[in-house]
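Presented below is the structure to which this report refers.
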Amino acid sequence: AGIGKCVALDLARRNARTILACRSRERGQAAVEEIRAATGNPAVLLRLLDTSSLASVRAFAQAVLREEKRLDVLVNNAGVTGLPFAITPEGLEQTFATNHLGSFLLTNLLLG
């Protein structure tokens with residue numbers, strides 16, 4: 001939704017192979033189908049990613065590195081606000097993990 005979906009739509013309109021990294025399979029798949037229909041680009045894919053979980057970030061990065069020949073653009077757009085204080089299973093404060101640590105780790109894992 002929001003900025004991430006708009007960016008994905010624009011990239012898909014430019015005929016880019018576009019991977020939507022989403023926490024929710026249902027919402028992500030709906031966005032993929034909407035973007036494919038709007039652009040005619042079949043190369044819009046869904047991959048699950050929860051940036052509050054460093055294990056999820058590592059699994060996502062490994063899959064991208066294994067499945068994709070190259071990565072030209074990475075848009076780090078995940079973020080939350082207003083959540084009650086919570087600690088992730090990895091012992092991190094959830095908002096900080098989601099908004100900062102997950103994206104930082106993902107970027108570093110995907111660098112060549």
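The values are calculated or read from the model by the stated rules, or taken from the named source; none is laboratory data. These figures come from a predicted structure and were not determined experimentally. Note: ideal-geometry Cβ built from the backbone for every residue, glycine included; neighbour counts use all protein chains shown. Side chains included, ligands, DNA and RNA excluded: accessible areas come from the protein's heavy atoms. Shrake-Rupley method; radii C 1.70, N 1.55, O 1.52, S 1.80 Å.
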Quiz prompt | Hits in the range 38-81 - residues which are polar (S, T, N, Q), closer than 28 Å to residue 93 by Cα and open to solvent by less than 60 Å² (accessible area, probe 1.4 Å) | solution = 51, 52, 53, 56
Quiz item: Given 9, 74, 54, which one is of a type outside the set (Val, Ile, Thr), touching a residue at least 12 places away in the same chain (Cβ under 8 Å) and out of contact with any Asp or Glu (no Cβ under 9 Å at 6 or more places or on another chain)?
Solution: 74
Quiz item: Restricting attention to the range 83-112, and to residues there that are in contact with a strand residue (DSSP E or B) (Cβ under 8 Å, 6 or more places away or on another chain) and not in a helix (DSSP H, G or I), which single residue is surrounded by the fewest Cβ atoms within 10 Å (Cβ to Cβ)?
Solution: 85
Quiz item: Applying the selection to the range 1-21, what residues are under 13 Å from the mean Cα position of the chain (by Cα) and either of a type in the set (Lys, Arg) or open to solvent by less than 30 Å² (accessible area, probe 1.4 Å) (or both)?
Solution: 4, 5, 8, 18, 20
Quiz item: Within the range 33-64, can you find the residues that are among the aliphatic types (A, V, I, L, M) and over 12 Å from residue 12 (Cβ atoms)?
Solution: 46, 48, 49, 54, 55, 57, 59, 61, 63, 64
